[in-house]
């Protein structure tokens, strides 16, 4: 049966109440949930069944108790990690702007969707600059912001994402042959950063370097600037500034996690 809008809102509110309870009390029986939240036992059971199907809660059959599930924990970790990385990266972004004068960007990899987002930025000192929207999913196949992540994924994932893409969102040019893409990604891994021209934004240059969390690529830092402003001899200087910031962010994430990071200095 299709619920009315009012019924849907009520269901969402009751589901949020359930999750909030688990966040505060760790585990619960249907009886304790019903008593505390003022929901009928049958309603609690139905909502718990739906949440369990999505991995948001787990059911201990012997104890007749429910607790938060792996899917919820993963979401919580991703949210916390995103805030943590933004806080660590912001001073580094400002330093990139100081050293280059160009808009500095923090990009985060979204593994579930195989995309990336611009998660934070420090604005260029120039009046002419790009106003890039934050938190909007974007392809990994195009642009230095995408390819500097793509280069450090498993070959099977690269090929899966390659099969989904057709043309550049900026120029409409067709995607390169897979063999050529693999060559370009190998060059990025060797160099430690990616440089592209006009792949995501017409007339724009992107220079990005990846950072890692315990050996896994989680994003990159870089700059986006009008190609008309680039002096070719400046690329190495810009890339060095960006690679230094990426390495520092990798090191800070390792220290924040209280463990060694095998990718530092890669």
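Suppose the filter is closer than 25 Å to residue 75 by Cβ and modelled with pLDDT under 95; does residue 113 pass it?
yes
For the range 168-211, enumerate the residues that are over 27 Å from residue 236 (Cβ atoms) and under 22 Å from the mean Cα position of the chain (by Cα).
169
Taking helices (runs of 4 or more DSSP H) that do not extend beyond the range 11-110, which have at least 2 residues that are within 30 Å of residue 134 (Cβ to Cβ)?
70-100
Just for the range 113-132: of the residues that are out of contact with any strand residue (DSSP E or B) (no Cβ under 7 Å at 6 or more places or on another chain) and without any contact (Cβ under 8 Å) to a residue 40 or more places away in the chain, which one is nearest to residue 195 (Cα to Cα)?
131
Those residues that are farther than 23 Å from residue 235 by Cα, surrounded by 14 or more Cβ atoms within 10 Å (Cβ to Cβ) and either in contact with a strand residue (DSSP E or B) (Cβ under 6 Å, 6 or more places away or on another chain) or free of Cβ contacts under 8 Å to residues at least 60 places away in the same chain (or both), I need them from the range 141-167; list them, please.
Once the filter is applied, which keeps residues that are farther than 23 Å from residue 235 by Cα, surrounded by 14 or more Cβ atoms within 10 Å (Cβ to Cβ) and either in contact with a strand residue (DSSP E or B) (Cβ under 6 Å, 6 or more places away or on another chain) or free of Cβ contacts under 8 Å to residues at least 60 places away in the same chain (or both), the range 141-167 yields 158, 161, 162, 165.
Out of all the residues in the range 211-241, which are within 14 Å of residue 149 (Cβ to Cβ) and crowded, with 16+ Cβ neighbours inside 10 Å?
The answer is 211, 212, 213, 217, 218, 219, 220, 221, 222.
Take the residues in the range 65-92 that are more than 30 Å from residue 104 (Cβ to Cβ) and out of contact with any helix residue (DSSP H, G or I) (no Cβ under 8 Å at 6 or more places or on another chain), then tell me which one is modelled with the lowest pLDDT.
73
The values are calculated or read from the model by the stated rules, or taken from the named source; none is laboratory data. For clarity, every value in this text was computed on a predicted model and none was experimentally measured. Please note: Cβ atoms are built from the backbone with ideal geometry, for glycine as well, and neighbour counts cover all protein chains shown.
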